[in-house]
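Undergrad: Here it is, the structure in full.
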Amino acid sequence: MDDIREVLARVVKEVFGVHAEPELATTDEQFGDYATNVAMQLAKQLKRNPREVADELVPPLFEALSMQVAEITIAGPGFINIRLSDQTIFDQALAAPSTKLQTFAGQTVVSEYSDPNPFKVLHAGHLYTSVVGDAISRLIQAAGGEVHAVNFGGDVGLHVGKTMWAIVQDVGGEKPELLQNIAPAERAEWMAKKYVVGTQAYETDEQAKTQIIELNKRVYQVHAEGDTDTPFAQMYWTCRQWSYDYFNEFYARLGTAFEKYYPESQTAPIGVATVKEQLAKGVYQESDGAIVFVGEPYGLHTRVFINSAGLPTYEAKDVGLMMAKWHDYHFDKSIIITGNDIIEYMKVVLKSIEQFAPEFVQRTTHLTHGQVKLEGGVKMSSRKGNFLRAVDVLDAAAKANKQATGRDDEQAVLGAVKYAFLKQRIGPDIIYNPEESVSLEGNSGPYLMYAHARARSILAKAASPEYMAGDEGFELQPLERSLARDIARYPQVVQKAVTDLMPHHICTYLYELAQTFNRFYEKNRVIGDPREAQRLVLVALYADVLKDGLQLLGIVAPNRL
């Protein structure tokens with residue numbers, strides 16, 4: 001498309017002596033392959049009728065593109081429709097699976113997502129951000145970027161104090177040896193339940209609240225003093241490691257991995273030092289013993305970065321995280337994926353950083369999403385212990401898949417969940433339907449996985465497909481051309497997904513491509529047909545594009561199901 005756009009701009013300059021940046025869009029196949037409204041763009045500037053401009057532009061344009069196009073026509077008030085030759089369409093399809101994008105070539109990109117807190121269980125939002133973050137990271141890598149996937153979570157903070165208080169109560173004191181009574185498979189859930197108990201006590205029992213606040217301070221002291229010997233410190237470090245083991249097992253199951261995990265205990269001191277340094281420069285202000293950023297002058301709200309007890313809030317920890325990521329990577333771009341609930345919070349944090357490190361904020365993109373809910377609705381609240389866990393979503397998919405196929409298939413389950421999340425634009429709430437997600441007949445991950453396996457089975461019945469470019473009089477039959485045309489669009493779709501950081505473009509395209517192939521295969525025999533050679537090449541290209549697209553989504557493309 002870009003080469004046609006460049007030729008079009010050059011012809012406009014030659015014919016009319018003016019500079020133009022023509023818009024070129026894929027059009028319905030009945031009208032051609034590409035359409036441009038450049039004649040209407042030029043009409044006002046030239047003070048001429050757009051149809052007349054198009055009439056004058058088409059002959060030299062056709063001459064300039066004679067090796068690529070079959071015809072150029074004018075429609076309506078001056079739309080120019082361009083139909084490529086069959087040879088060009090086929091050649092573009094041949095190149096599609098191996099096209100390499102350069103959007104992020106030479107750039108260092110930090111991709112931060114998932115961000116679970118130790119001492120708490122992974123909920124459906126963590127599953128969603130893990131899937132989306134992994135897909136976006138894959139897109140950036142496909143576009144030449146050097147991606148560093150990182151994770152951030154609260155190993156210090158009031159939630160830790162609540163959980164540790166409940167743990168101490170449960171085992172009857174600061175007795176680290178008693179933690180070994182908790183079976184490995186039960187540890188994550190056990191800690192999650194303790195968090196709920198601690199939260200309820202904090203909200204209803206003043207004595208417990210006081211004790212929790214003191215334990216919260218002790219957790220900070222453990223880090224500040226490097227304490228690994230006292231009984232309380234041993235309990236803390238043991239439980240924190242249990243959380244990390246649980247996270248790693250979960251990520252391994254999903255097929256995603258993180259290069260670095262930034263705990264809040266590491267970013268908090270950096271954030272405190274930065275906030276205090278910038279306090280002296282007027283970025284932050286003192287207020288009732290706390291340090292705040294006043295956001296009202298920027299159309300935002302005021303938030304506390306260091307509280308009156310001298311402890312860093314989430315805001316200061318996020319400042320420290322930004323500084324740590326810059327120190328470690330000197331990123332060209334930083335992507336942060338979180339829930340919609342902290343949009344306004346992040347605006348204040350980023351605006352405060354912008355006052356002393358504007359380049360960091362200019363290079364940062366904050367993507368947000370809604371809640372994940374099973375059909376029927378489950379309101380998430382880890383504080384009350386009434387929420388949709390990550391494992392609940394995976395278990396629901398596994399159950400639906402077993403009912404539909406009679407098999408236990410982890411790859412199909414993961415493909416179903418990932419695709420169900422990724423096919424929707426990032427932003428709104430996700431209503432997850434397990435039965436729909438595992439269906440082999442709808443817009444689902446298993447449907448596309450099966451489509452790939454089906455294409456590979458066709459290829460397995462024949463010798464390796466070959467095609468000699470440059471055959472004279474090369475022609476495609478209508479459904480062959482439609483399939484080749486859709487295959488050829490793949491690089492454009494990936495480019496749009498990369499530019500927008502939106503994997504759903506890939507999903508929409510792959511589903512439409514599979515439907516195009518089904519129409520082709522329904523009407524066209526491949527094996528044993530006189531046109532077997534060309535058709536086998538199309539099937540191979542189709543399978544390669546499906547595989548590449550599914551891999552960008554983090555979904556396995558099996559050769560058989």
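The values are calculated or read from the model by the stated rules, or taken from the named source; none is laboratory data. Everything quoted here is computed from the prediction, not taken from an experiment. In this analysis, Cβ positions are derived from the backbone assuming ideal geometry, glycine residues included, and neighbour counts consider all displayed protein chains.
Undergrad: Considering only the stretch 154-197, how many residues are assigned to a helix (DSSP H, G or I), among the acidic types (Asp, Glu) and under 16 Å from Gln241 (Cα atoms)?
TA: 3
Undergrad: Filter the stretch 5-64 down to the residues that are part of a loop (DSSP other than H, G, I, E, B) and of a type in the set (Phe, Trp, Tyr) and list them by number.
TA: Answer for the stretch 5-64, where residues must be part of a loop (DSSP other than H, G, I, E, B) and of a type in the set (Phe, Trp, Tyr): just Phe31.
Undergrad: Could you give me the residue pairs with C-beta distances under 8 Å whose first residue belongs to the stretch 535-547 and is in contact (Cβ under 8 Å) with a residue 24 or more places away in the chain and at negative phi, whose second residue is in a helix (DSSP H, G or I) and among the hydroxyl-bearing types (Ser, Thr, Tyr) wherever it lies, and which are 6+ apart or on separate chains?
TA: Val545/Tyr490
Quick grid of which residues meet (1) under 29 Å from Lys496 (Cα atoms); (2) in contact (Cβ under 8 Å) with a residue 60 or more places away in the chain; (3) among the basic types (Lys, Arg):
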position: Ile4; (1), (2), (3): yes, yes, no
position: Gly17; (1), (2), (3): no, no, no
position: Thr27; (1), (2), (3): yes, no, no
position: Tyr34; (1), (2), (3): yes, no, no
position: Asn37; (1), (2), (3): yes, no, no
position: Leu42; (1), (2), (3): yes, no, no
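Undergrad: Turning to a different aspect of this structure: Could you run through the stretch 103-130 and say how many residues are in a loop (DSSP other than H, G, I, E, B) and either surrounded by 23 or more Cβ atoms within 10 Å (Cβ to Cβ) or more than 16 Å from the chain's Cα centre (by Cα) (or both)?
TA: Total satisfying the criteria: 13.
Undergrad: Restricting attention to the stretch 244-290, which residues are touching a residue at least 24 places away in the same chain (Cβ under 8 Å), outside any helix (DSSP H, G or I) and at negative phi?
TA: Thr256, Ala257, Phe258, Glu259, Lys260, Tyr261, Tyr262, Pro263, Lys281, Val283, Tyr284
Undergrad: Failed condition for His19, given (1) of a type outside the set (A, V, I, L, M); (2) surrounded by 17 or more Cβ atoms within 10 Å (Cβ to Cβ); (3) touching a helix residue (DSSP H, G or I) at 6+ places or on another chain (Cβ under 8 Å), with all others met?
TA: His19 satisfies all of (1) of a type outside the set (A, V, I, L, M); (2) surrounded by 17 or more Cβ atoms within 10 Å (Cβ to Cβ); (3) touching a helix residue (DSSP H, G or I) at 6+ places or on another chain (Cβ under 8 Å) except (2).
Undergrad: Return the residue satisfying two criteria in turn: it lies in the stretch 291-301 and is touching a residue at least 40 places away in the same chain (Cβ under 8 Å) and not in a helix (DSSP H, G or I), and of such residues it is nearest to Gly157 (Cα to Cα).
TA: Among those residues, the one meeting the criterion is Phe293.
Undergrad: Within the stretch 215-271, how many residues are over 28 Å from the mean Cα position of the chain (by Cα), of a type in the set (Asp, Glu) and within 26 Å of Ala201 (Cβ to Cβ)?
TA: 1
Undergrad: So for the stretch 135-143 (the condition being surrounded by fewer than 24 Cβ atoms within 10 Å (Cβ to Cβ), touching a residue at least 60 places away in the same chain (Cβ under 8 Å) and either of a type in the set (Lys, Arg) or touching a Gly at 6+ places or on another chain (Cβ under 6 Å) (or both)), does at least one residue qualify?
TA: Scanning the stretch 135-143, I find at least one residue that is surrounded by fewer than 24 Cβ atoms within 10 Å (Cβ to Cβ), touching a residue at least 60 places away in the same chain (Cβ under 8 Å) and either of a type in the set (Lys, Arg) or touching a Gly at 6+ places or on another chain (Cβ under 6 Å) (or both), so the answer is yes.
Undergrad: Now for a different question. What's the number of the only condition in (1) in contact with a strand residue (DSSP E or B) (Cβ under 7 Å, 6 or more places away or on another chain); (2) more than 17 Å from Lys276 (Cβ to Cβ) that Pro312 fails to meet?
TA: Here Pro312 meets the rest and fails (2).
Undergrad: Among the listed residues Thr228, Thr267, Thr238, Thr274, identify the single one that is of a type in the set (Val, Ile, Thr) and touching a Pro at 6+ places or on another chain (Cβ under 7 Å).
TA: One residue alone meets the criteria, Thr238.
Undergrad: So, one more: Across the stretch 506-552, which residue is nearest to Gly133 (Cα to Cα) among those that are among the polar types (S, T, N, Q) and assigned to a helix (DSSP H, G or I)?
TA: Gln551
Undergrad: Sort out which residues of the stretch 42-91 are on the phi > 0 side of the Ramachandran plot and either surrounded by 14 or more Cβ atoms within 10 Å (Cβ to Cβ) or at pLDDT 95 or above (or both), and write them in order of number.
TA: Correct list: Gly78 only.
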